[in-house]
């Protein structure tokens with residue numbers, strides 16, 4: 001596959017609404033995907049749409065997902081059926097003088113494509129350890145690696161990040177002039193995903209809690 | 001429509017994996033949907049799945065979405081085509097002694113059904129004002145209500161909350177006995193969506209910033 005700095009476009013991935021907020025720049029998409037603790041993957045089953053949440057992680061230009069080896073997610077995505085993946089990070093609530101100018105700051109990604117199964121046990125294990133490191137860098141070196149039985153029970157699939165787009169909204173409310181007289185607070189309430197104080201499973205532990213990624217700031 | 005305290009089940013909405021984590025209790029689903037700042041709605045376009053993010057709000061036993069009147073979301077959902085909606089709130093990262101026992105605490109909802117358009121302008125306006133109040137209770141009384149032009153440019157659709165399920169995971173890592181010797185911190189890092197200090201669009205404002213819902217706690 002030829003990997004470009006920018007993602008491909010097609011009728012299904014064309015940004016019809018607010019293309020000014022759109023980006024196909026790979027670095028922009030990657031940063032959003034890397035920060036996502038959850039994605040939502042859609043596929044067609046018996047002609048009808050199904051969307052389910054999953055934990056995504058990125059390795060290079062691929063988005064990885066895992067699940068029970070016999071589960072529908074793994075079967076469908078691993079079979080190469082068409083899928084769509086959506087991620088959205090909410091960064092703020094935007095309050096305007098008029099109801100309809102309320103908005104939110106966000107960073108989102110929608111991807112399209114056909115997945116594939118990762119079947120080689122060593123490749124599966126390596127990928128799964130990178131998921132552990134996504135949550136806490138370096139942790140894969142500290143924990144027991146997957147054994148053969150665990151690898152057999154777990155499916156890993158991946159989707160090439162090559163068609164789709166990001167959308168980013170930021171900035172103050174887009175007011176309209178006629179609303180100037182409305183007496184109400186306007187502006188943005190920032191919203192972010194924060195990490196609370198670690199709760200050890202064994203209160204007497206002397207091991208340090210796991211370091212987190214910079215995008216998961218303390219409360 | 002007959003509304004039950006519990007949602008319906010069908011082959012597409014059967015909980016195949018970890019049914020112990022599942023719930024069809026309407027109060028459980030409602031609480032998750034009410035807290036969601038974003039949902040991901042999937043539909044089938046030209047035989048292929050499309051998933052896009054949207055801002056959901058609930059009125060009674062209906063989940064509402066809005067968008068540009070001529071946009072794909074409004075056209076597809078408003079046409080009564082089958083859709084699936086996924087919401088996931090991440091509550092914690094769960095760190096275990098083995099890579100494969102890592103997990104996350106979460107509350108998720110997946111819904112299935114066919115949407116419908118809300119076309120009556122007064123009903124649209126009333127629904128949209130409830131979205132404003134979802135973000136800040138009482139705010140709909142303080143802001144300029146939608147005018148005819150805004151209502152014509154905005155589509156509102158809704159999906160009956162009557163087929164689907166919630167899943168909730170909570171608790172310490174599910175360790176396996178053979179890992180007892182691994183010397184590493186285990187436990188949960190709570191994760192939550194927090195509100196930062198409000199940033200006024202007009203720094204000189206004397207109006208108080210908008211009150212927020214209890215689930216959106218300050219940082």
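The values are calculated or read from the model by the stated rules, or taken from the named source; none is laboratory data. Model, not experiment: these values are computed from the prediction. Virtual Cβ from ideal backbone geometry, glycine too; neighbours counted across all protein chains shown.
Odds and ends about this structure:
- Yes/no for residue A:109 being facing chain B (nearest Cβ under 10 Å) and crowded, with 21+ Cβ neighbours inside 10 Å: yes
- Across the stretch B:12-38, the qualifying residues are those that are within 11 Å of chain A (Cβ to nearest Cβ) and outside any loop (DSSP other than H, G, I, E, B), and the one among them that is nearest to residue B:167 (Cα to Cα) is B:13.
- Within the stretch B:52-79, considering residues that are within 20 Å of residue A:89 (Cα to Cα) and out of contact with any helix residue (DSSP H, G or I) (no Cβ under 8 Å at 6 or more places or on another chain), the one modelled with the highest pLDDT: B:53
- Condition met for residue B:140 (modelled with pLDDT of 95 or more, at the interface with chain A (Cβ under 8 Å from one of its Cβ atoms) and either surrounded by fewer than 18 Cβ atoms within 10 Å (Cβ to Cβ) or in a helix (DSSP H, G or I) (or both)): yes
- Of all residues in the stretch A:195-219, those satisfying the criterion of being surrounded by fewer than 17 Cβ atoms within 10 Å (Cβ to Cβ) and within 30 Å of residue B:209 (Cα to Cα) are A:196, A:197, A:214, A:215, A:217, A:218, A:219.
- Some residue of the stretch A:106-114 being outside any strand (DSSP E or B), without any contact (Cβ under 8 Å) to a residue 60 or more places away in the chain, farther than 24 Å from residue B:193 by Cα and under 17 Å from the mean Cα position of the chain (by Cα): no
- Looking only at residues in the stretch B:132-151 that are touching a residue at least 24 places away in the same chain (Cβ under 8 Å) and in contact with a helix residue (DSSP H, G or I) (Cβ under 8 Å, 6 or more places away or on another chain), the one that is farthest from residue A:190 (Cα to Cα) is B:148.
- Single match in B:191, B:176, B:184, B:168 (criterion: touching a residue at least 24 places away in the same chain (Cβ under 8 Å), more than 10 Å from every other protein chain (Cβ to nearest Cβ) and surrounded by 14 or more Cβ atoms within 10 Å (Cβ to Cβ)): B:168
- Considering the conditions (1) buried (at least 16 other Cβ atoms within 10 Å of the Cβ); (2) within 30 Å of residue A:180 (Cβ to Cβ); (3) away from chain A (no Cβ under 11 Å), residue B:117 is excluded by exactly one of them, (2).
- Number of residues in the stretch A:53-85 that are within 11 Å of chain B (Cβ to nearest Cβ), surrounded by fewer than 23 Cβ atoms within 10 Å (Cβ to Cβ) and assigned to a strand (DSSP E or B): the value is 5.
- Residue satisfying all of: in the stretch B:86-95; buried (at least 22 other Cβ atoms within 10 Å of the Cβ) and within 7 Å of chain A (Cβ to nearest Cβ); farthest from the chain's Cα centre (by Cα) among these: B:95
- Residue check, residue B:103 buried (at least 18 other Cβ atoms within 10 Å of the Cβ), at the interface with another protein chain (Cβ under 8 Å from one of its Cβ atoms) and within 29 Å of residue A:83 (Cβ to Cβ): no
- Residue A:153 vs. criteria under 25 Å from residue B:37 (Cα atoms) and either within 10 Å of chain B (Cβ to nearest Cβ) or surrounded by 14 or more Cβ atoms within 10 Å (Cβ to Cβ) (or both): no
- Residues (surrounded by 18 or more Cβ atoms within 10 Å (Cβ to Cβ) and either within 13 Å of the chain's Cα centre (by Cα) or without any contact (Cβ under 8 Å) to a residue 24 or more places away in the chain (or both)) located in the stretch B:7-38: B:28, B:29, B:32, B:33, B:36, B:37, B:38
- Residue identified as within 10 Å of chain B (Cβ to nearest Cβ) and within 28 Å of residue A:95 (Cβ to Cβ) among A:218, A:198, A:209, A:145: A:218
- Breaking point among (1) more than 9 Å from chain B (Cβ to nearest Cβ); (2) surrounded by 14 or more Cβ atoms within 10 Å (Cβ to Cβ), for residue A:41: (1)
- Residue B:128 meets all of the listed conditions (1) at the interface with chain A (Cβ under 10 Å from one of its Cβ atoms); (2) farther than 27 Å from residue A:105 by Cα; (3) assigned to a helix (DSSP H, G or I) but one, namely (2).
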